[in-house]
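The values are calculated or read from the model by the stated rules, or taken from the named source; none is laboratory data. It should be emphasised that the depicted structure is a prediction, and the values quoted were computed from it without experimental measurement. Here the Cβ positions follow ideal geometry from the backbone for every residue, glycine too, while neighbour counts run over all protein chains shown. The accessibility values were calculated without ligands, DNA or RNA, using every heavy atom of the protein model including side chains. Shrake-Rupley method; radii C 1.70, N 1.55, O 1.52, S 1.80 Å.
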Amino acid sequence: MATQVISKLFRPAVFTQLAALRLRGKVAAAAGTRHLSSDPPPEKVSRYPVPYRTDLPVDIVELMEEGGFLPNVFKVLSHRPAEFRAFFAYYNELMNKETGGLTKADRELIVVATSIHNKCLYCVVAHSALHRIYSKKPTMSDQVVVNYENAELGPRERAMLDFAMAVCRCDTITEQHFQALEEVGFDREDAWDIAAIAAFFAMSNRLAHLTDMRPNLEFYNMGRLPRDKSKDK
């Protein structure tokens, strides 16, 4: 499961950029690594303790060690390994499946729009970064964070976010909501996907509130400027 989740969670274009980013070369080591007394204190990412690697199940350790860049959500949720597995299994099914009418960028934009409504710093920052990478639009997620209704969205994206926000706000969903999606090319299964992403991240947003989950500093600048491919070599 570990290799399947991580390989799908970070597709090649994203994984290359994520793996190239390290915090003093020790981002991955920050989860559950014992520090020498002379080392700087580890970054605080949660109000709950992050387990030492030696205390974690092998499959979770393998997942955390792949790639080099370790998003803080992995560290925070490792506090409860069984819930960690369930969370990433559902995340993977919603965000990385190859079927349906939603693109990778669409899915990330839904997370950004609904997470700002839920005041979740972690998800807004992390998924804005992923949207920038998938969409190649470095300013769109920032516009959505301020007010998606004034963002430079096309009719398809606007209808998608209108529906996602209706689910996020617990509005009464009517046939008019589905018709608005169908007018721009989405079907009923796509509507389920949009709603499921909004619902899943409503839970994720609240777990981030509970734990005081903090985004990795790398996420703030990720995808804003073209990647310097010469550094990869």
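Accessible surface area normalised per residue over segment 103-221 is 45 Å², counting heavy atoms of protein chains with a 1.4 Å rolling probe.
Simple spin-label estimate for Thr174 and Glu62 gives 5.2 nm between the two label positions (7 Å along the Cα-to-Cβ direction from each Cα). Partners of Lys119 within straight-line reach, counting aspartates and glutamates whose Cα lies under 15 Å from its Cα and excluding those fewer than 8 residues away in the same chain: Asp142, Asp212.
Eigenvalues of the alpha-carbon gyration tensor of segment 103-221, scaled by 5 and square-rooted, set the equivalent ellipsoid semi-axes at 23, 17, 11 angstrom, largest first. One chain, two ends: His79 and Thr139. Fully extended at 0.36 nm per residue, the span grows by 18.2 nm beyond their Cα-Cα distance.
Please report, to two decimal places, log10 I(q)/I(0) for segment 60-132 at q = 0.17, 0.20 Å⁻¹ as given by the Debye formula with identical point scatterers on the Cα atoms and no solvent. Debye curve over Cα of segment 60-132, log10 I(q)/I(0) at q = 0.17, 0.20 Å⁻¹: -0.75, -1.02. Here is the link list: Lys44/Lys104; Lys97/Lys137; Lys44/Lys97. Which ones come out longer than 25 Å on Cα distance? Beyond 25 Å: Lys44/Lys104; Lys44/Lys97. With the simple model of a label 7 Å out from the Cα in the direction of the Cβ, Glu149 to Leu121 spans 2.7 nm.
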